[in-house]
1. Can you go through 260, 212, 190 and tell me which one is modelled with pLDDT of 95 or more and either surrounded by fewer than 19 Cβ atoms within 10 Å (Cβ to Cβ) or assigned by TED's automatic domain parsing to the domain that holds residue 118 (or both)?
2. Of these, 246, 313, which one is farther than 19 Å from residue 202 by Cβ and either touching a strand residue (DSSP E or B) at 6+ places or on another chain (Cβ under 8 Å) or modelled with pLDDT of 95 or more (or both)?
3. Test residue 75 against the criterion of being in a helix (DSSP H, G or I) and loosely packed, with under 14 Cβ neighbours inside 10 Å, and give yes or no.
4. If you go through region 171-195, how many residues are assigned to a loop (DSSP other than H, G, I, E, B) and free of Cβ contacts under 8 Å to residues at least 40 places away in the same chain?
5. What about residue 218, is it without any contact (Cβ under 8 Å) to a residue 60 or more places away in the chain and buried (at least 19 other Cβ atoms within 10 Å of the Cβ)?
6. Could you please let me know if residue 228 is surrounded by fewer than 20 Cβ atoms within 10 Å (Cβ to Cβ) and modelled with pLDDT of 95 or more?
7. For region 148-163, state whether one or more residues are surrounded by 14 or more Cβ atoms within 10 Å (Cβ to Cβ) and at pLDDT 90 or above.
8. Filter region 81-115 for residues that are over 18 Å from residue 30 (Cβ atoms), in contact with a strand residue (DSSP E or B) (Cβ under 7 Å, 6 or more places away or on another chain) and part of a loop (DSSP other than H, G, I, E, B) and give the result.
């Protein structure tokens, strides 16, 4: 995990096979494209766009296309937040022709503004195609989130359920353990806890957070749930480094062995933490469930503000 000043082709003088990104009402969807080196090119780019109409998303999509248009072929994939599987099936069909050779193949993925539900399924799609070892992942944090207005970042819950393909197989007779990676949606986290009603619960907060002045913000946004379960159940894990979250989860589950518990993990924290959770799942397939709480509506005017420096989270160079 490190900050990048410019994004170049993975191999000098050779286009990346694929670039994947997602247009958003958040300006930071442009963070990675704006860092492209003058010589950065790709064979094919796939731009995901969520269905519901938004003027800011359309503006950012137009800006994104203007950057990508001269660098390779572009395909737009319209998708639904509620059900991204058809769009991912379309992507999978398009990616099947990539040569599985470490000397030739590279997939560059910008995860900045995918939903975490979509993101985990996207990781699995790329993994199932045998392309995980040829994957490099970028992410652009925001400068800030609009939280001081004391307004929710989402409204209502449509459903709380395991993500398809991420369902554990532990017997119902085992005690239940719920681990929630906390973010800024305290009501959403509390609803998961109340819905699952586990025997044991652990809460993971981003520590250190993206910016030092954010310290304590997640605890504040989730103070009601923390009060219910107790501060002794709160554990800190790095907000930006997926490998450190992977290490933290491995340490946690030495004390709570997965073969002794029927475990569910819910990713309400950061996108890099969602990647860390996927890395943990790759090592423990079928041993726990990943639970997602699908909201009725996002409060879009009160999401992130500003565009920070992009981070590279994963690359074949660092394996």
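The values are calculated or read from the model by the stated rules, or taken from the named source; none is laboratory data. The structure presented is a predicted model; accordingly, all values stated were derived computationally and were not measured. Heads up, the Cβs are rebuilt from the backbone with ideal geometry, glycines too, and the neighbour counts pull from every protein chain shown.
1. After applying the criteria, what remains is 260.
2. Details: 246 fails: farther than 19 Å from residue 202 by Cβ.
Checking each option against the conditions leaves just 313.
3. It is false that residue 75 is in a helix (DSSP H, G or I) and loosely packed, with under 14 Cβ neighbours inside 10 Å.
4. To start, the set of residues in region 171-195 that are assigned to a loop (DSSP other than H, G, I, E, B) comprises 171-175, 182-185.
Then keep just the ones that are free of Cβ contacts under 8 Å to residues at least 40 places away in the same chain; that gives 173, 184.
So the count comes out to 2.
5. When the stated conditions are applied, residue 218 passes them.
6. Judged against the criteria, residue 228 is a match.
7. There is at least one residue in region 148-163 that is surrounded by 14 or more Cβ atoms within 10 Å (Cβ to Cβ) and at pLDDT 90 or above.
8. Once the filter is applied, which keeps residues that are over 18 Å from residue 30 (Cβ atoms), in contact with a strand residue (DSSP E or B) (Cβ under 7 Å, 6 or more places away or on another chain) and part of a loop (DSSP other than H, G, I, E, B), region 81-115 yields 81, 82, 98, 105, 106.
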